[in-house]
Amino acid sequence: MATVTELVEPETKLWMGQPLKRKEDPRLVQGLGKFIDDVKLPRMAFAAILRSPYAHARIKRIDVDKAEKLPGVICTLTGDEVASKTDPFLQISPPPANKVKDYCLAVGKVHFVGEPVVAVAAETRAIAEDALELIEVEYEVLNHVLDAKEALGPDAPILHDEAGTNLVYHGTWDYGDIQDSMLQAHKVVRANLHFHRFSSTPIENNGVVAQYDKATGFLNIFNNNQMPMFCVPWLSFGLRFPSNKMRLITGDIGGGFGNKIISYPYIALMCLLAIKSERPVKWTEDRKEHLLAATHGNERTFEVEIPVLKDGTVLGIKAIAYDDCGAYTRYEPAGATIWAQVTPGVYHFKNFRMDFYQVMTNKSPVGPNRGYSRMQHMWMIERSIDIVAKELKLDPADVRLKNYIQPDEMPYETPSGGIYDGGDYPEMLRRALKLMDYDSLREEQASERRRGKLIGIGISTVVDSGTNNFGQVKMLTDQNPFSGNSEAARVMIDGLGQIQVALGTVPQGQGHETFASQVVADELGVSPDQVTVLVGFDSAINPYSHQSGSYASRSAVMGTGALLGATAKIKDKVSRIAAHLMQTSANSIELKDGNVIDRSSGKKLPLWQVANVAWVNNAYLPKGMEPGLVAIHFWKPDFTVPDERKRHNQTLTYSPQTHVCAVDLDPETGKFRIVRYVIVDDCGNQINPMIVEGQVHGAAAHGIAAAMFENFEYNDDGELRSSTFVDYLIPSAVDIPNLITQSFTTPSLFAPKGIRGVGEGGGSPLGAVANALEDALTPFGISVTDSHQNPQKIYQMIRSKYPSGEKS
Ligand code: MCN
């Protein structure tokens, strides 16, 4: 049996908080990662998809005869067949928009350019692509609508006849007394703003390999969805296929950014092809397909009124928002409520009224996109604060400092019932301004302006709200069967004392193997090297809740909650076994440096010996104890559902980020560049500061790219003009400025270990860049009302001020 030795006091050290190198990286940098396109199964066929060339058209006839006769083609699939074999996907909209019939192929009509119309399975992808050219589709072109507000007009074409309206959702959020604040105000500042369409461009596009195993009746689905188990109700009800015979498997995922949440129509499509062809079928989305039809971020316009006092006090915000969700509601209208996680941004005002309309148009469906729905809202607020400062001739930094929620008010309850879990917004801004050398830069700006050179400084302060409460979809209809949030983890110490962890989170590059090892190592008193975390996700192996996945900046918080629960169960059992072996009390047992220590006597056992007893030397177990050393834990935060005024806490953590950006701008050409960029972030206690810094950089680069380069533009026919990387400009490393970052830590008051989320960053750069550009353009009196700017637009704005060509 186990031998008991005398204790030598080990050095105490916590792994949480250390910038350990990522466990994932050696395989990824050596090209050894296993992504969806690496999945190869015997007899695998390849799929290609014929897509709509029209924004809105009735499908009069489809002829697949010639395509099916092409040697190498295995089968085709059309909308009619899909409609006969499957049910429309679940909808979470309120009536009548919930009547929208969404299938994995267009049925009867197409609603956007790029909508899948016919799928082909063939021996090779090339043959499948060739077959697409042989398919004949006759369309009757219908009128289309590309603008959300127009789509609500009486003459607008209706996209989905079964719904009878393009309006998906209208809701009002009304707190305090906005009308009274208008009367009290010294001034009411007004603005019309437009937040543009863009998306994320993960290195790896969507992909699926579906295999139907006739022998067992199982559907084995290899995919790179970032919330695979969340898809199951959509797939199971849609395909009329039992969920307990669906196995969803992911490997490494090359980025997701929210976009991969709504890949379930493609998963369903490949399942149907696999069943029909009796072969495994692979589909790998190409870049054009991704840009055209995977998902876009929500486009939104705002009509804003801001009552203010002369000293810059913001009394409230009144806004009407029109959100364009494209042609289908695949995760929508969740986005129509999610912005309300952060109704006041980081500001103190109590009077707030929002009329929010979400509307369908003949454009690509939208879906979650890093900063999902909140960044649009916070961009509007951050723009509004700067417009207020400009109209009152105040410094935008001072207006922010005057209106911030103060640290001694934490936890702070927002007008809509959000409970901010800590933070010191004024101190973060002061630090950012110091890093920017703000006062000197303002002096330089003034002197350069006198010489005709334009410098602009923009500030943006946001909260990255993380760990969402699905209860927010009850605002849409109380019939939606989701609320709260939950995550699962399994921890096992095997019979040799080796530790294995399985997570329900589905990382796409965020380093979950690393952070999980750090958390578990601290709890079990071992080194992270001794903790192996399973790569990828397999529903037949990993524990999960149907809310598992990586989204909403939640995995560090939720994963840690689940891991702490599982390790607590393990520690409890280890303690009881060790106490029995060492004839002591379980309360005096401690796990440290790979040993199990009896604090009362100073004796210790190596952890592996306790594990050995737990599994295979089990005659030494306490009487009646179950063998094994495995624990699964499901963790959930305490969330509630919204009240009748839509008030409740919509997320668990609210991580502030302050960005300050300086641009110089050439008025002759409209060309501008960022000359200095500063970020102060607070995600509470950090598990791995190196990963956190990477996340802060990634989210900043993403937002800068959106503000300066990335834009989905449609022409009047509803064709996407930026459907390749020639037109959809993603930045290279040289386009992103050097980022000066500083972390500031106020632990979360509610989340495990004081951690907050960090993965989305709140979209702060969009506000910082827009504010900097408007600041630079002050001499021209130009207002920047769009979240996307490029030299051409700036040049045109300057020209429009001087139509006859004269200069200031
Ligand atoms: N972390 C930490 N300490 C904290 C908070 C986080 O060490 N206090 C680390 C953890 O390793 C954690 C990572 O930072 O996994 C990201 O934190 P978290 O906020 O928990 O975000 P998730 O892991 O849940 O990832 C989702 C988030 C989102 S919503 C988008 S969008 C996004 C993002 O992550 N997509 C990404 N970052 C991404 N990074 C990469 N490389 N690829 C994506 O697709």
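The values are calculated or read from the model by the stated rules, or taken from the named source; none is laboratory data. As the structure is a prediction and not an experimental result, all values here were calculated from the model. Note that each Cβ is placed from the backbone with ideal geometry, even for glycine, and that neighbours are counted across all protein chains shown. We work out accessible area using only protein heavy atoms, side chains counted, and drop any ligands, DNA or RNA first. Shrake-Rupley method; radii C 1.70, N 1.55, O 1.52, S 1.80 Å.
List of remarks:
- The stretch 737-808 and the stretch 613-645: distance between their alpha carbon centers, rounded to Å: 48
- Checked against a 28 Å cut-off, the cross-linked pairs LYS573/LYS636; LYS260/LYS636; LYS402/LYS434; LYS40/LYS60; LYS310/LYS474; LYS34/LYS753 give Cα-Cα distances beyond that limit for LYS40/LYS60; LYS310/LYS474; LYS34/LYS753.
- Accessible solvent surface per residue of the stretch 292-396, calculated while the other protein chains remain in place, 1.4 angstrom probe, Å²: 18
- Loop-resident sites, the stretch 213-301, for trypsin sites (Lys or Arg not before Pro), counting at most 12 other Cβ within 10 Å (DSSP): LYS214, ARG240
- The stretch 660-808, accessible area per residue, ligands and nucleic acids excluded (1.4 Å, Å²): 40
- Those trypsin sites (Lys or Arg not before Pro) in the stretch 706-808 that DSSP places in a loop and that have at most 13 other beta carbons within 10 Å: ARG721, LYS807
- Pairs exceeding 22 Å between alpha-carbon atoms, taken from LYS13/LYS603; LYS149/LYS318; LYS23/LYS282; LYS66/LYS214; LYS101/LYS363; LYS569/LYS592: LYS23/LYS282; LYS66/LYS214.
- The simple spin-label model puts a point 7 Å past each Cα toward its Cβ; for LYS245 and ARG451 those points are separated by 7.7 nm.
- Every helix of 4 or more DSSP H residues in the chain counts as -39500 (n - 2.57), and over all residues that averages to -8000 deg cm²/dmol at 222 nm.
- The stretch 233-274 and the stretch 453-531 have Cα centres separated by 21 Å.
- Highest average first, the peptides 626-639, 307-320 ordered by how many other beta carbon atoms sit within 10 Å of their residues are 307-320, 626-639.
- With all protein chains in place and a 1.4 Å probe, the accessible surface of the chain carries 52 percent carbon and sulfur.
- Part-to-part distance (alpha-carbon centres) for the stretch 76-116 and the stretch 560-602, which is given in Å: 55
- Accessible surface calculations at 1.4 Å, restricted to protein heavy atoms, place the stretch 1-147 at 51 Å² per residue.
- Gain on full extension, evaluated as 0.36 nm per residue between LYS69 and LEU14 minus their Cα-Cα distance, stands at 13.3 nm.
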